[in-house]
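Step one of this worksheet: look at the structure below.
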Amino acid sequence: MLPNKRITPANHHWWPQSLSKSWVGADGGVTQLSWDESEVRSKPSNFAAIRNAHHITRGNDSPWNTTFEPVFDKADSTFPDLVDWLLTIEASTSRSKSSFHDRFRVQSLSGDRRAQLAECLSSLVVRSPRSRNNIKITIESYLSNDNIEEHYVDKTLIAANMHASHGIFTSVINGGGRFIALICDESELVYGDGFLHNFPIGTDRPISGRFIIPVLPSLAILFVQPLAYRPQPELITMRLHEKEVTFLNQIVQVYSKNHIFYRNIKPKIIEEFRRREHLELTYHQHPWIEHLINSALDFVPKV
C-alpha cells in the first residue's frame with residue numbers, strides 16, 4: 001500500500017517574482033489595474049498568484065497527491081540572468097516611419113541563450129490564467145457534449161491537463177522559430193493575465209506557434225515558428241514608437257480578463273478588457289502583426 005501524501009498548500013505565481021521585480025517603479029511598486037479601472041499599487045509579489053494552482057490532489061492524504069510546481073524552478077531561477085542580457089541587446093535607431101526591414105537589426109543568439117528563452121517564455125505561456133481558462137472551457141465543452149449536467153471544472157482537473165505542457169513547449173521553442181525583440185523607450189508595455197499565443201495547453205505540440213509576451217516594460221518578445229522559413233537569423237530586434245506600444249498594450253487587454261499590470265505609465269482601458277473575458281484575435285492575427293512577421297521572415301541581413 002502506498003503511503004499517504006499530504007501536499008502543503010501554497011500560492012503559485014503565474015507572473016513569477018523573479019521576473020515581476022523587474023517591473024517596479026522608483027517607489028518599489030507596480031500597479032494592478034483591473035477591468036473596472038480599480039487600482040492597487042504594491043510590491044509585485046503581492047499579485048498574480050493562484051492558490052494551489054499546480055497541485056494535483058485526490059484528497060487530503062491520498063498517495064496519488066503530487067505537485068508540478070518544481071518544473072518551473074529552472075525558469076524562475078534563470079529569469080534574472082535572462083533579463084540582464086535582454087537589457088543589453090540593441091535595436092536600430094532608424095526612424096519609426098521607415099520600413100520594418102530598415103528598422104531590423106540582427107543579434108547573435110547562442111545555444112545557451114536560446115535555451116534560456118525557451119525555458120522562461122514557455123513557463124509564462126503555461127502558467128498564464130488565459131491558458132488555464134482555455135483548459136477549463138475545453139473540458140466544459142467535452143462534458144457538455146457527453147450530456148453531463150455538472151460542468152464544474154476544479155483546479156486539480158486543470159492542473160492535470162497542464163502539467164506536461166512546459167516540457168513540450170520548451171522543446172518546441174528551443175527547436176526552431178524566430179524571435180523578434182521589440183524594444184521601446186518612448187512609452188511602457190503592460191503585462192496581463194492573458195497575452196497573445198496559440199499554444200494548445202496539454203500534450204499537443206503547437207502548429208505554426210506564435211506568441212507576443214511583454215517580458216519587461218521596455219521589451220516584448222514576438223516568437224513565430226512557421227512551417228517553412230530561413231533558419232537564420234534567429235533573433236532580430238526592432239525599436240517601437242509610441243503608437244506601436246499602445247497597440248501592443250491593447251492586444252494584452254484583449255487577451256486579459258481581470259488584471260493588467262503597469263510600472264509607471266497608465267494605459268487607457270479599452271472596451272474589450274471591460275467585458276471581463278479572455279478574448280482573442282481571429283486566428284491570433286492582425287494586419288500589423290502579420291506584416292511584421294512576414295517582413296522578419298523575409299529579412300536577409302546585408303553582408
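Worth pointing out:
- Exposure proxy order (Cβ contacts within 10 Å, fewest to most) of Glu290, Glu272: Glu290, Glu272
- Size of charge dipole - the chain - debye, nearest 20, with Cβ of Lys, Arg +1 and Asp, Glu -1, no other charges: 360 debye
- Alpha carbon convex hull of region 1-145, volume per residue in cubic angstrom: 237 Å³
- Whole-angstrom Cα spans of the chain along principal axes, big to small: 67, 42, 39
- When all alpha carbon pairs of region 250-303 are counted in 5 Å bins from zero, the resulting P(r) reads 4, 17, 19, 16, 15, 12, 8, 5, 2, 1 %.
- All C-alpha pair distances within region 163-303, sorted into 5 Å bins from zero, spread as 2, 10, 19, 21, 21, 16, 9, 3, 1, 0 percent across the bins.
- Full extension of the chain segment joining Arg230 with Ser144 gains 26.6 nm, where the gain is 0.36 nm per residue of separation less the Cα-Cα distance.
- Between region 59-114 and region 270-303, the alpha-carbon centres lie 19 Å apart.
- Entries of Lys136/Lys243; Lys21/Lys257; Lys74/Lys243; Lys136/Lys257; Lys97/Lys257 with Cα pairs more than 25 Å apart: Lys136/Lys243; Lys74/Lys243; Lys97/Lys257
- Pair Ile269, Ser42: separation of 7 Å Cα→Cβ label points (nm): 1.9 nm
- Cα gyration tensor category, rounded, prolate or oblate, for region 176-245 with a/c compared to 1.5: oblate
- Length-normalised contact order of region 62-205 in % [C-alpha pairs under 8 Å, at least 6 apart]: 27 percent
- Ranked Asp76, Asp193, criterion: other C-beta atoms within 10 Å, fewest first: Asp76, Asp193
Values in this text are rule-based calculations from the coordinates and carry no lab data. This is a predicted model, so every value here is computed, not measured. With ideal geometry, Cβ positions are generated from the backbone for all residues, glycine too; neighbour counts draw on all protein chains shown.
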